[in-house]
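In what follows, a structure is listed as structure tokens, so that the remarks can point back to it.
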Amino acid sequence: MGAHGPAKGFTRWLTTTNHKDIGSMYLWFSFAMFLLGGSFAMVIRAELFQPGLQIVEPEFFNQMTTMHGLVMVFGAIMPAFVGLANWMIPMMIGAPDMALPRMNNWSFWILPPTFLMLASTLFMEGGGPNFGWTFYAPLSTTYAPPSVTFFIFAVHAMGISSIMGSINIIATVVNMRAPGMTYMKMPMFVWTWLITAFLLVAVMPVLAGAVTMMLMDIHFGTSFFNAAGGGDPVLFQHVFWFFGHPEVYIIILPAFGVVSEIIPTFSRKPLFGYASMVYATASIAFLSFIVWVHHMYTVGLPIAGELFFMYATMLIAVPTAAKVFNWITTMFKGSITLETPMLFAIAKVFLFTIGGFSGLMLAMAPADFQYHDSYFVVAHFHYTMVAGAIFALSAAVYYWLPKWTGRMYNETMGKTHFWISFIGFNLTFFPQHFVGLAGMPRRIPDYNLMFADFNMISSIGAFIYGSSQLLFLFNVVRTITHGKPVSDAKVWDGATTLEWTVPSPAPYHTFSTPPEVK
Amino acid sequence: MYLQAKRLYKLALSPVLMLLSLFSTGAWANDGSPQRWQTNMTPGVTEVGAKIYDLHMLVLWICVAVGVIVFAVMFYSVFAYRRDRHQEPATFHENTKLEIAWTVVPFLLLIVMAVPATNTLIEIYDTDDAELDILITGYQWKWKYEYINPEGDNVSFFSSLLTDKAEIGNTEDKGSNYLLEVDEPLVLPVGKKVRFLVTANDVLHAWWVPALAVKRDAIPGFINEAWTNATETGVYRGQCAELCGRDHGFMPIVVNVVEEADYKTWMADKQAEAAEIKKLMEQTFSMDELVERGKTVYNRSCVACHGANGEGGVGKPIANSPIATGEVAQHINVLVNGVPGTAMQAFGGQLNDVDLAAVVTYTRNAFGNNMGDKVQPIDVYNFKKGQ
């Protein structure tokens, strides 16, 4: 065990190279962004509570939808999983720290100023980004507010942070596994993150390319996306979605990893089909590169292209279904208890599968001519992003919090958080399937009276879901300050991975001497 | 009291009805507008729309069936294998046969879905043999429809939101077609294959009418094709489906499908109207005529940004503006070509020369501007020709 404890004071956090410190900072930062992005969502749902314009102007509404998407994807979900990776990967593979600790420090500290800058665009003349989180040109170039340049800079900075973070994860997993920890013995969370890291390294530069072309169009007279200058607005969408589709798997694969840890622990039974889980994850990652056009079915592609991308997209259902079957078979004949992490994990499997079903429906190109850019799509991706990723994150925090803090959270409060979230979430997003099918387009600040009932239900659900997160925050803070200390290294009796062999709370330095894995 | 109770009862029952309706494949009302508590896609009034609806229901039912089985096993496990009932967990963790089965079965189900999907898609892409071609151009934030007439002049007009600002601002009651009504709908003959050529003038838009089962992106510099063949007369409503800036939510689409004879009458009227405008363009107008016409044009096309009294808003003020009180040629230039990089659009292609002349004259002689000069259609014509 290392003799060095953490430094004192604020410089500890500024200069730290400790994976646990950096992991904690990532997690707190992402939670702050979750609340910020969530507050934007509250503005959206408040405006949509009733037909007519009540609270905000359409121009500001567009800024809210844009910033909600950007902050949630790049500020909340992605950094949260990087935080988990920082905390858990070294402990799960028996490594003393991340492979590149100084770079680790930098990849975190890029983020706070970046998001401060992005948020500050809301106060600039002309307002913040208002062209949707997908920022289609030419709305985001020729027709964009002046703050778009800050947005481009922010995207570049987040990209650098993500690329450095993922290089670090790859280097750690490849080089720093404890003796005996072969690839096929790694915990699923480590596997899913390894594959995710490769996806990140592959596609973040593509995103950087897209925003660089925007920058050139806006300031240097090029016409990449300007038809009048010989450019092609559709090119933007191809480049964006070549990044964007792998991006959604970047968000969901680590969530799969978390669930693959939690379900075996609380079923007290090994993960069913470990090898097939690994192959399924790799197949999903591969397929994610050849399906991007399903976001663009209505853009006017030749039919051959349309058919190819439709078939490829449908294929993703096979490995994804295999994963769901594996989780459920893991539970089958187990010895199950339903602590808060398990509740969130089961709900994640249940709700993500519903999101998968609507995803399969959306894959059907002809039907997509009716679904595309409607609220049906909004419902679909919130089932995958919120229930799929954020429920998994909540599960992960409850699961590992005793290991991080050495204290047990309040189970009743945790379960209350779960049930309020579960009800609030479904109340918010299930009715959005209906209004979408009935013809309500997404990204509109006002709507016909016929959509009013479901929108009101949806808004009420959103307020419930949103406020339940404050309970979550309270529970976590209360655990840190007043939680009952856990004496056991192995907090959960069904847990098997290496992090449960170190004391709780995990000491500042763990596995200075690598463990022997049999 | 009774009414209120009835309403409450309906409200309480509505989630049940909603679920029931979700699981019924029965026909839906072919109304062209969304319905209250509508939970499902409309099959619409076209053959393709009905096929899309059938595909949608097929996939939905397959998903429901798979979901019922999967979730049944899941919830059964949660209940039957709780630790209080089942202390000793099993230890199995693989089963090759099972894993092969649950890879092959979904694959077969996908083929069942892919066949009708492919057939329908091929049909959607078959834009041949259309009897009528219409060029649809998306503008921020209205639609332009141009009927392509191989034997004469094209007929074209703009179609923009009719809903009153007071309804949007909640100072007046909202009508039933709130935000889904336009000043001039697209008119189509029933039972004819109509091809749409879809493009945009500024940013991306998307032309979507659920009942006609058409959604196509409108992209500047590209012309996309789509088609429809409505089998029933009626009024069908839709909206722009691609985020296009501030008033994305305020550029609806209304399609009026009428009998062939009515369509012909309407078309003849439109052509006569166009001929009338053409004639007007050769005339010289008096100040009063120009100001009167200009006021109408102003209130239709300019008032949203420049204010009812020319005081400005999104756009610059017109009262005392250096343009409206400056050189005539520059004033015409701003209207015809717009101001790049600002919200001021190029109206040269949106308004005819008579209207342009009238609105220039009006704004030079209203809101306290007192230039006293007149602009005639021929001046606008010459300006356009000269540039």
Packing-ranked peptide list from B:68-80, A:83-95, B:33-45, highest mean Cβ count within 10 angstrom first, is A:83-95, B:33-45, B:68-80
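Please order B:146, B:88, A:306 by the number of other Cβ within 10 Å, starting at the fewest. Intermediate results must be reported in sequence, preceding the final value.
Details: B:146 15, B:88 9, A:306 25.
Listing B:146, B:88, A:306 from fewest to most nearby Cβ atoms yields B:88, B:146, A:306.
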Listed by chain and number, the aspartates and glutamates with an alpha carbon less than 16 angstrom from that of residue A:403, same-chain partners under 8 positions apart left out, are A:21, A:261, A:339, A:411, A:488, A:493, A:499
Quick numbers on the range A:413-515, Rg and Dmax over C-alpha atoms in Å, give 21.7, 66
Ordered by fewest other Cβ atoms within 10 Å, a rough proxy for footprinting exposure, A:120, A:394, B:176, A:283 read B:176, A:120, A:283, A:394
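Using a 10 Å cut-off on Cβ to Cβ distances, tally the other chain neighbours for every residue of B:230-242 and report the average as a whole number. Could the numbers behind the result be given before it?
On the way: counts 0, 0, 0, 0, 0, 0, 0, 2, 2, 8, 4, 10, 10.
Average neighbour count from other chains, rounded to a whole number: 3.
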With only helices counted (DSSP H, runs n ≥ 4, each -39500 (n - 2.57)), the per-residue ellipticity at 222 nm for chain B, to the nearest 500, works out to -13500 deg cm²/dmol
For residue B:193, the aspartates and glutamates lying under 14 Å Cα to Cα, once residues fewer than eight places off in the same chain are dropped, come out as B:47, B:123, B:126, B:128, B:129, B:131, B:133, B:225, B:232, B:259, B:260
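Determine the sum of side-chain charges near residue A:364: Lys and Arg each +1, Asp and Glu each -1, restricted to other residues whose C-beta is under 12 angstrom from that of residue A:364. Walk me through the intermediate numbers first.
Values: positive: B:51; negative: A:306, A:368, B:54.
Taking every Cβ under 12 Å from that of residue A:364, the sum is -2.
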About its Cα centre, the range A:22-501 carries a charge dipole, from +1 on Lys and Arg Cβ atoms and -1 on Asp and Glu Cβ atoms, whose size in debye to the nearest 20 is 1460 debye
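Listed highest first by mean packing, meaning other Cβ atoms within 10 Å per residue, what order do A:12-18, B:348-354 come in? Working shown, then result.
Details: A:12-18: 15.4, B:348-354: 19.7.
Result, highest mean Cβ count within 10 Å first: B:348-354, A:12-18.
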Expected sort for B:302, B:244 with the fewest Cβ neighbours (10 Å cutoff) up front is B:302, B:244
Simple spin-label estimate for residue B:308/residue A:308, 7 Å along Cα→Cβ, in nm, reads 5.8 nm
Taking every DSSP bridge whose two residues both lie in the range B:132-278, the antiparallel percent to the nearest 5 is 75 percent
If the label point sits 7 Å along Cα→Cβ of residue B:184, residues of the range B:347-387 with amide N under 11 Å come out as B:350-352
For the range B:132-278, the dipole about the Cα centre with charges only on Cβ (Lys and Arg +1, Asp and Glu -1), to the nearest 20 debye, works out at 420 debye
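Output the pairs from B:142/B:295; B:144/B:215; B:192/B:215; A:415/A:484; B:142/B:279 with a Cα-Cα distance over 23 Å in this structure; if there are none, say none. Display every interim value, and only then the final one.
On the way: B:142/B:295 20 Å; B:144/B:215 16 Å; B:192/B:215 18 Å; A:415/A:484 17 Å; B:142/B:279 27 Å.
Pairs exceeding 23 Å: B:142/B:279.
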In this structure, the FRET efficiency calculated for residue A:212 and residue A:102 from their beta-carbon separation, with R0 = 25 Å, to the nearest 0.05, is 0.40
Restricted to the protein assembly as shown, the DSSP antiparallel beta bridge percent, nearest 5, is 75 percent
Output for the range B:58-112: trypsin sites (Lys or Arg not before Pro) sitting in coil per DSSP, at most 14 other Cβ within 10 Å, listed by number, reads B:85
Summed over the other residues with a beta carbon less than 15 angstrom from that of residue B:58, with K and R at +1 and D and E at -1, the charge totals -1
The size of the Cβ-based charge dipole (Lys, Arg +1; Asp, Glu -1) of the protein assembly as shown about the Cα centre, to the nearest 20 debye, is 3960 debye
Partner shielding of A:48-59, taken as the mean number of other chain Cβ atoms within 10 Å, equals 3
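Among bridges DSSP assigns within chain B, what percent are antiparallel (round to 5)? Present the calculation step by step, with values, prior to reporting the outcome.
Working: 31 of 42 bridges.
In chain B, DSSP labels about 75 percent of beta bridges as antiparallel.
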From the Cα centre of the range B:169-233 to that of the range A:384-433, the distance in Å is 42 Å
Farthest towards the positive end of the dipole of the range A:22-501, among A:79, A:61, A:396 and with Cβ unit charges of +1 on Lys and Arg and -1 on Asp and Glu, lies the Cα of A:396
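Sum up the charges of everything whose Cβ sits under 9 Å from the Cβ of residue A:338, counting Lys and Arg as +1 and Asp and Glu as -1, but leave residue A:338 out.
Details: positive: A:415, B:82; negative: A:339.
Computed value for this residue: +1.
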Taking the alpha-carbon centre of each part, the distance from the range B:80-116 to the range B:279-337 in Å is 70 Å
Here the whole-number average of other chain Cβ atoms within 10 Å per Cβ of A:310-323 is 4
In the range B:132-278, taking the dipole from +1 charges on Lys and Arg beta carbons and -1 charges on Asp and Glu beta carbons about the Cα centre, the listed residue (B:272, B:134, B:157) farthest towards the positive end is B:134
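Every number in this text was worked out from the coordinates using simple rules, so none of it is lab data. Note that the coordinates shown come from a computational prediction; the quantities given were computed from them, not determined experimentally. Using ideal geometry, Cβ is built from the backbone for each residue, glycine included, and neighbour counts are taken over all protein chains shown.
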